[in-house]
Amino acid sequence: MRGGYSTPSWRSLTARAALAIAAGQASAAEIEEIVVVAQKRTENVQDVPISITAFSGEELARRGLNDLQDVARQTPSFQIPVANNMRNAAVRIRGIGSSGTNPGIESSVGIFLDGLYMPSAGMSWGELTDIATVEILRGPQGTLYGRNTPVGAINVNTQRPSQQFEAKVTAGGGDYDHRWINGVVGGGLTDTVAGRLAFYHRDRDGFEENLFDGGRINGKEESGVRGRLEWTPRDRLTVGFIGHYGEIERRCCVAEQLDAAGPDGIATPGFLAASEAIGFPFRNFDEDDRKVDADDNSRDETETYGLSLHVDYVLSGGQTVTSITGYQDWDNDTNIAADSLPQPVLISDQTQENQVFSQELRLTSRPGDAFEYILGLFYYTQDTRFFTETGVGAGANRRFPPPPFAPICPTPGVPCGVSLTDSGQQIFDQETTSYAAFGNLTWHVTPSWDMTAGARISRDEKDAFLNFRNEPGTSNAWNFIFPPNFIGDVSRSDDNITWSINSRYFFRDGLMGFASVSTGFKSGGFNANRTGPGQPYEFDEESSINYEVGVKSTWLDRRLLFNGTLYWTEIEDFQDTALNPNGTGFVVGNAGERRVRGAEADLILQPTEALSLIASVAYLDAEYTDYPAGPCAVGQTPDGPGGSCNFDGKRPSFSPEWRYVLGAEWRQPLAAGDLELRLRADYSWNDDEYLTASLDEAARQDSYGLLNLRAQLSARDERWSVELFLDNALDETYYVQAASQPAAGLISGGAFAGAQGFVGWYGNARTWGAQLTWRFGD
């Protein structure tokens with residue numbers, strides 16, 4: 001598959017590959033057949049023996065899902081929470097994933113755009129324009145992919161060029177001064193060359209009001225363009241080229257103070273008095289009013305581009321040789337909204353650059369043989385550079401006790417604190433080289449029974465340079481909170497073999513059962529954020545094993561579809577992040593073992609041609625099975641080694657017990673069939689969950705539900721359409737990420753104590769808007 005240039009059967013792939021929403025696209029009461037390429041072959045989604053949710057580009061547009069975060073809100077078992085900048089995004093499947101807060105850690109969920117692996121979730125930001133399919137694959141996928149997929153994979157495939165001329169433009173606007181335009185034009189350039197060009201631009205003000213200056217905060221502006229060329233000089237050869245460029249500027253992300261006046265909140269009497277004394281009285285007591293109070297003039301800017309070459313050649317025996325060569329460059333420049341307070345505590349500028357080159361070579365057998373196989377080789381290099389410049393602000397008002405009570409202050413009897421000249425840097429430079437060989441072999445035992453076995457052999461090599469330094473003359477207090485630590489050149493390598501066994505059986509046409517066992521692996525690495533002398537800066541590899549059994553079925557002459565999966569996953573040496581003890585930056589460690597098990601189900605009902613109903617549900621039973629040294633919650637008595645807390649038997653963060661999505665669409669012809677009206681409602685519900693790794697009750701998100709409403713009027717030939725929408729119609733206030741009070745070690749909580757408290761980052765507010773789409777072409 002990979003970007004649309006794999007086996008010949010990929011050329012027949014339509015843009016209708018959607019599971020949970022197929023009924024909404026049917027032109028008759030029968031649920032139409034749909035197609036995905038999740039396993040690098042074109043298959044009916046009902047024949048794919050894995051747990052999968054897929055959306056077509058058409059359905060993304062009709063449901064108003066503009067980016068992967070929107071998709072995650074409408075997909076049980078899939079989450080992408082993000083905190084104070086884009087690189088901090090985390091992708092999670094079944095509650096398992098790796099935070100992007102530390103560039104030294106890789107994602108546990110592989111993200112692929114047109115066949116190119118994206119090493120961090122932040123690289124997946126951008127509008128989903130001119131998309132063929134978005135596919136969410138649950139469970140390890142390493143025997144079909146050359147890079148990390150220990151708990152799942154996200155495949156995003158853009159539309160391929162064709163000889164038929166096509167053009168479309170969409171423009172709209174809404175509240176929060178929201179404006180957008182996107183479009184595509186494509187068609188044949190010569191008899192053997194076709195091209196396609198897509199673009200987008202979106203701009204909106206922030207969802208929150210900043211009490212500090214009265215302005216809006218947490219807005220964004222993004223633009224992008226993508227071009228595709230496809231050359232078919234002969235029937236058995238296809239050569240494709242893809243180039244894309246994008247820019248995102250976010251004016252964010254200031255957090256809200258959580259339960260500020262509560263027992264674990266920041267607004268203690270000592271903190272309030274100390275803040276008043278320096279001229280920055282605290283006033284942000286309401287955690288649900290979408291009003292924040294911070295001096296941070298934050299920015300979060302990203303620039304990305306990529307190039308890839310895809311070649312398919314069909315051998316005389318019917319086998320297909322596929323080559324995918326790609327290069328990606330991703331640059332993020334951020335001024336962190338560090339403390340989310342009106343007093344200027346910490347100034348932190350961060351830059352990260354990822355340069356990625358990959359080469360995949362694959363041989364796919366002729367379809368229909370008794371034995372079918374996919375064999376692949378994968379080579380990958382990634383150069384990551386991360387630099388942080390941190391300085392103190394005038395509002396850093398914490399003082400430390402004088403000698404002989406504390407060794408920090410130099411003068412007996414005189415308290416001390418940080419100085420306005422204090423500053424330090426974090427320097428992280430790492431080169432990753434990965435080699436892998438992978439393959440799958442399917443034996444069609446009978447016309448109804450298949451057995452598949454797969455394996456991947458991989459080696460990852462990492463060479464890094466780490467230096468956490470402070471400027472000469474920095475204060476004792478600064479060096480105590482941010483201890484310098486020169487580590488220098490370090491290296492490590494990891495070798496691994498992952499495997500999978502899968503069986504499916506067709507009981508009849510429209511009823512298939514499957515069972516599988518698969519393993520996953522992610523290499524270890526080094527902390528890119530500051531660690532003090534003697535603290536571990538290296539973490540080990542992560543591994544997983546997953547068991548699944550499921551059924552895919554259609555009933556009532558294809559008017560009813562039901563798919564269900566039961567699974568059990570175990571993770572060893574899970575790589576997790578926690579806030580640095582100094583209150584700034586997140587450090588990575590191996591969090592022992594965890595187990596997740598649960599059930600997933602999708603239901604589609606098409607009772608009439610006009611009405612479509614969907615329901616998707618995920619039940620998750622997750623716990624730490626061996627994590628004796630977890631980060632203690634506020635007020636929790638340590639009961640683990642080294643002052644830690646024993647997390648055995650506890651539910652991990654970002655693991656809601658229940659999530660579900662309900663949807664309904666009504667299609668009504670008007671004006672003797674010349675017009676069509678579509679009315680759609682989608683409701684997603686999320687159970688309560690912890691939003692911090694330390695499992696603090698103060699940072700626990702209560703359950704909430706989101707209702708989206710849409711109405712579309714279009715011409716019968718779909719030349720034009722007008723659409724109105726209301727997202728988060730019930731105006732639900734909720735949070736997607738939380739953390740202990742950042743920079744708490746620099747903020748006075750009264751006397752010589754540091755501040756306490758928690759902050760949270762809001763989810764999207766209620767929004768409304770309207771857009772017009774116009775199509776050209778045959």
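Values as computed for the structure displayed
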read-out	value
Pick from region 334-393, criterion aliphatic (A, V, I, L, M) and not in a strand (DSSP E or B), ranking: modelled with the lowest pLDDT	Ala337
Selection within region 375-400 - under 23 Å from Ala744 (Cβ atoms) and open to solvent by 30 Å² or more (accessible area, probe 1.4 Å)	Glu389, Ala394, Arg398, Arg399
Enumeration of residues in region 702-719 that are of a type in the set (Lys, Arg) and crowded, with 18+ Cβ neighbours inside 10 Å	Arg710
Test: Arg469 is under 30 Å from the mean Cα position of the chain (by Cα), of a type in the set (D, E, K, R) and either assigned to a strand (DSSP E or B) or over 24 Å from Glu106 (Cβ atoms) (or both)	no
Qualifying positions in region 682-701 - of a type in the set (S, T, N, Q) and touching a helix residue (DSSP H, G or I) at 6+ places or on another chain (Cβ under 6 Å)	Ser684, Thr692
Some residue of region 518-541 being more than 22 Å from Ser434 (Cα to Cα) and in contact with a Ser or Thr (Cβ under 7 Å, 6 or more places away or on another chain)	no
Residue match in region 231-251 (condition: without any contact (Cβ under 8 Å) to a residue 40 or more places away in the chain and either small (Gly, Ala, Ser) or touching a helix residue (DSSP H, G or I) at 6+ places or on another chain (Cβ under 6 Å) (or both))	no
First in region 143-155 and closer than 10 Å to Ala437 by Cα, second anywhere and of a type in the set (Asp, Glu) and open to solvent by less than 10 Å² (accessible area, probe 1.4 Å), Cβ under 9 Å, 6 or more apart	Gly146/Glu360
Among (1) within 26 Å of the chain's Cα centre (by Cα); (2) farther than 30 Å from Tyr547 by Cβ, the one test that Leu675 misses	(1)
Some residue of region 200-214 being crowded, with 17+ Cβ neighbours inside 10 Å and among the aliphatic types (A, V, I, L, M)	no
Number of the condition not met by Ala681 [criteria: (1) hydrophobic (A, V, I, L, M, F, W, C); (2) open to solvent by less than 20 Å² (accessible area, probe 1.4 Å); (3) assigned to a strand (DSSP E or B)]	(2)
Among (1) open to solvent by 50 Å² or more (accessible area, probe 1.4 Å); (2) in contact with a Gly (Cβ under 8 Å, 6 or more places away or on another chain), the one test that Cys632 misses	(1)
Cross-chain or 6+ apart pairs with Cβ under 6 Å, region 616-628 first and in a strand (DSSP E or B), then among the polar types (S, T, N, Q)	Ala618/Ser77; Leu620/Ser655; Ala622/Ser655
Region 162-207: number of residues that are touching a residue at least 60 places away in the same chain (Cβ under 8 Å), part of a loop (DSSP other than H, G, I, E, B) and either under 28 Å from Glu221 (Cβ atoms) or of a type in the set (A, V, I, L, M) (or both)	3
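The values are calculated or read from the model by the stated rules, or taken from the named source; none is laboratory data. Everything numeric in this text was worked out from a predicted model, so none of it was measured. Cβ atoms come from the backbone with ideal geometry, glycine included; neighbour counts cover every protein chain shown. Only protein heavy atoms, including side chains, enter the accessible area calculation; ligands, DNA and RNA are left aside. Shrake-Rupley method; radii C 1.70, N 1.55, O 1.52, S 1.80 Å.
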